[in-house]
Amino acid sequence: MLISFITSFLTIMFHLTRIFAFTLVVLQVTCANTIARHDHSPGCGNIHNFAGLTKNFTIKSGGRSRNYSLHLPSDYKHFKPASLILAYHGAGDDPAKMERVTRFSDKSVNRDMIVAYPLGDNVRV
């Protein structure tokens with residue numbers, strides 16, 4: 001009985017974590033759209049050759065290597081400002097799965113926003 005209860009509880013918590021992560025992303029998209037409309041940035045100015053594709057990158061942060069995937073919309077222009085979606089995956093997932101589940105890299109879902117899919121780690125705070 002106790003094991004059944006714990007299993008049910010953990011299953012519910014797992015789904016709530018996914019819902020929270022998705023809600024957070026939606027809120028970030030909403031905020032990003034609002035900010036982008038009021039900002040008159042000339043764009044980043046960096047020319048990238050993977051418009052319409054997702055590419056993997058690594059950066060150093062806090063002495064550690066951090067991996068992420070970055071998707072540019074197919075109509076990406078280096079001189080045009082674009083909103084950014086930070087798509088955080090849930091525990092145990094990865095950027096590729098988050099990209100498939102959210103479909104933020106699909107032009108029919110997201111036509112003009114850049115999407116960053118950071119890879120989390122197993123460090124618990």
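Read the figures in this text as sums done on the coordinates, not as results from a lab. Quick caveat: nothing in here was measured; it's all calculated off a predicted structure. Ideal geometry is used to build each Cβ from the backbone, glycine not excepted, and the neighbour counts take in all protein chains shown.
A few remarks follow.
- Integer Hz, Karplus 6.51/-1.76/1.60 couplings in order for the range 55-70, x for Gly and Pro: 10, 8, 9, 9, 10, 9, 8, x, x, 10, 7, 10, 9, 7, 9, 10
- Taking 0.36 nm per residue of sequence separation and removing the Cα-Cα distance, the Arg66/Phe50 pair yields an extension gain of 3.7 nm.
- Gained length - Thr58 relative to Asp121, 0.36 nm times residue gap less alpha-carbon distance: 21.3 nm
- Projected label points at Asp112 and Lys77, each 7 Å from Cα along the beta carbon direction, are separated by 1.0 nanometres.
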